[in-house]
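The values are calculated or read from the model by the stated rules, or taken from the named source; none is laboratory data. Just so you know, these numbers come straight off a predicted model, no measurement behind them. Every residue, glycine among them, receives a Cβ derived from its backbone with ideal geometry; neighbour counts consider all protein chains shown. With ligands, DNA and RNA removed, areas are computed over all heavy atoms of the protein, side chains included. Shrake-Rupley method; radii C 1.70, N 1.55, O 1.52, S 1.80 Å.
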Amino acid sequence: MSSTENLITSIQGLSASSGDLSALHRILKGAEETLRADSDLQLSTLDQLDPSKHSLGYLYLLDVLTCGGPMSKEKASEVVLLIARFITSCDAEQIRLASDKFVSLCKGFKDRVLELEDPLRGVAPLLSAVRKVQVSTKRLTALHPDCLQLCLQAKCYKAGFSILSDDILEVDQPRDFYLYCYYGGMICIGQKKFQKALELLYNVVTAPMHSVNAIALEAYKKYVLVTLIHSGQFSVSLPKCASTAAQRHLKTWSIPYTEVGNCYNEGKISELQAVVVAHSSDFEKDNNLGLVKQAVSSLYKRNILRLTQKYLTLSLQDIANMVQLANAKEAEMHVLQMIQDGQIHALINQKDGMVRFLEDPEQYKTSEMIEVMDSVIQRTIGLSKNLIAMDESLSCDPLYLGKVGRERQRYDFGEDFDTVPQKFSM
């Protein structure tokens, strides 16, 4: 029997119990070099194994068979299908014994899918891979950013949002955290969930850094625009928790965006539009022109909202004049959209073109609202308990206390990732 046949026999015989799997893992690690040199090893060899029962051995063989240089489109498509089936059916406990190899396989899978220009094929398998490699929903894995990137490419925003609902409290690699929040922020922008997008982009902007990196810079540009859309105001000062490097450089390197923010604060549509036109090439280069236009549109709504605080009744033509809209019809469209989105409460009299602004009818005493409030309170209590436990654990950990001074360089992100892997038009 050949060495590969012997290995197949070992995989088939040692995949049942945890003790046998530990022994099998040692055998597989020792056989890697031999497998890579075996010219008889083919994709068809995998037919002798069941990916759901022999997941650890299947992973090692699949890694050897699919890693390496470029391949034809037909071969790449075959490999993508094979890996997708393995990811979906493999046993989580087995692949976690070689989690680094599984992560590497999945990253290679993502690259193949992008080469085929068919990101949708990778969305479901990578969502499954995240859950299988993740030992806790509180832990960020190396596959989270890759999964979100594919969701963005495929415009599967809902699928990407499904892994953003977890409260991440444990992070191994800073770069993974940056990309998770950056891509996650764009997923939320795509779903018009601006509050959540703002939270994620805020995490990037305020994360520890000794020098500004490209991901933080791109996140800051979107952070400014989403702040305008969601909050209707712009602050030149970054949050106090932001690093010194961020405080010094992010605004300086994002001048077109700070100009948009300053004009937005003044509430003058014509001046804001002039700034957008002047810097349109910058916004287009950053793939942010669509988001800038949304910010401009939100200023019209923000100005209408200000009118509700001063007037009980206005004509549509008066609204158009006051907020610099072209005509009463445009004013009606904006008011109707704001009513539908719940931003204002009003009635439009179509006969005479008058708008009557109303008080918020929500009394915050319905059973549905109480359930929502209780859910938010319980989540906050849970997060608070987790943070207190983490703080207590760290404050008593002699290993952490001994190394914290020596490992400050670990948080110098400037050289680790000076480019953003993928920009998306917003």
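Observations
- Residues that are of a type in the set (Val, Ile, Thr), more than 16 Å from the chain's Cα centre (by Cα) and assigned to a helix (DSSP H, G or I) were ranked within the stretch 211-230; the one that is nearest to Leu299 (Cα to Cα) is Ile229.
- Here the stretch 16-35 is the region considered, the condition is being among the hydroxyl-bearing types (Ser, Thr, Tyr) and more than 13 Å from Tyr60 (Cα to Cα), and the residue that is most open to solvent (accessible area, probe 1.4 Å) is Ser18.
- Odd one out for Asp111 among (1) touching a residue at least 12 places away in the same chain (Cβ under 8 Å); (2) part of a helix (DSSP H, G or I); (3) surrounded by fewer than 19 Cβ atoms within 10 Å (Cβ to Cβ): (1)
- Residue count for the stretch 231-275 satisfying the condition of being part of a helix (DSSP H, G or I), among the β-branched types (Val, Ile, Thr) and under 27 Å from the mean Cα position of the chain (by Cα): 5.
- If only residues of the stretch 342-373 that are within 35 Å of the chain's Cα centre (by Cα) and of a type in the set (D, E, K, R) are counted, the one that is most open to solvent (accessible area, probe 1.4 Å) is Lys365.
- Within the stretch 36-63, the residues that satisfy the criterion of being free of Cβ contacts under 8 Å to residues at least 40 places away in the same chain, open to solvent by 20 Å² or more (accessible area, probe 1.4 Å) and in a helix (DSSP H, G or I) are Arg36, Ala37, Leu43, Ser44, Asp47.
- Scanning the stretch 278-288 turns up no residue that is crowded, with 16+ Cβ neighbours inside 10 Å, assigned to a helix (DSSP H, G or I), out of contact with any Phe, Trp or Tyr (no Cβ under 9 Å at 6 or more places or on another chain) and modelled with pLDDT of 90 or more.
- Residue within the stretch 384-401 that is under 31 Å from the mean Cα position of the chain (by Cα), at pLDDT below 80 and over 29 Å from Pro145 (Cβ atoms) present: yes
- Filtered residue count, the stretch 131-151, keeping only those that are in a helix (DSSP H, G or I), under 13 Å from the mean Cα position of the chain (by Cα) and either among the aliphatic types (A, V, I, L, M) or closer than 17 Å to Asp172 by Cβ (or both): 6
- Residue check for Leu127: among the hydrophobic types (A, V, I, L, M, F, W, C), open to solvent by 30 Å² or more (accessible area, probe 1.4 Å), assigned to a helix (DSSP H, G or I) and out of contact with any His (no Cβ under 9 Å at 6 or more places or on another chain): yes
- Taking first residues from the stretch 343-354 that are closer than 22 Å to Leu299 by Cα and partners that are surrounded by fewer than 11 Cβ atoms within 10 Å (Cβ to Cβ), the Cβ contacts under 7 Å between residues at least 6 apart in sequence or on separate chains come to His345/Glu359; His345/Asp360; His345/Pro361.
- Residues within the stretch 238-252 that are exposed (fewer than 14 other Cβ atoms within 10 Å of the Cβ) and among the hydrophobic types (A, V, I, L, M, F, W, C), tallied: 1
- Lys75 being in a helix (DSSP H, G or I), open to solvent by 20 Å² or more (accessible area, probe 1.4 Å), at pLDDT 85 or above and touching a Phe, Trp or Tyr at 6+ places or on another chain (Cβ under 9 Å): no
- Of all positions in the stretch 188-210, at least one carries a residue that is over 20 Å from the mean Cα position of the chain (by Cα) and either open to solvent by 10 Å² or more (accessible area, probe 1.4 Å) or at pLDDT 95 or above (or both).
- Condition met for Ile388 (surrounded by 10 or more Cβ atoms within 10 Å (Cβ to Cβ) and part of a strand (DSSP E or B)): no
- Positions within the stretch 318-373 being among the polar types (S, T, N, Q), part of a loop (DSSP other than H, G, I, E, B) and touching a helix residue (DSSP H, G or I) at 6+ places or on another chain (Cβ under 8 Å), in sequence order: Gln324, Asn327, Gln343
- Number of the condition not met by Asn287 [criteria: (1) over 30 Å from Tyr220 (Cβ atoms); (2) touching a residue at least 60 places away in the same chain (Cβ under 8 Å)]: (1)
- Failed condition for Ser235, given (1) modelled with pLDDT of 90 or more; (2) more than 23 Å from Leu179 (Cβ to Cβ); (3) touching a Gly at 6+ places or on another chain (Cβ under 9 Å); (4) surrounded by fewer than 23 Cβ atoms within 10 Å (Cβ to Cβ): (1)
- The listed residue being under 36 Å from the mean Cα position of the chain (by Cα) and either at pLDDT below 95 or of a type outside the set (Ser, Thr, Tyr) (or both), out of Asn321, Asn303, Asn327: Asn303
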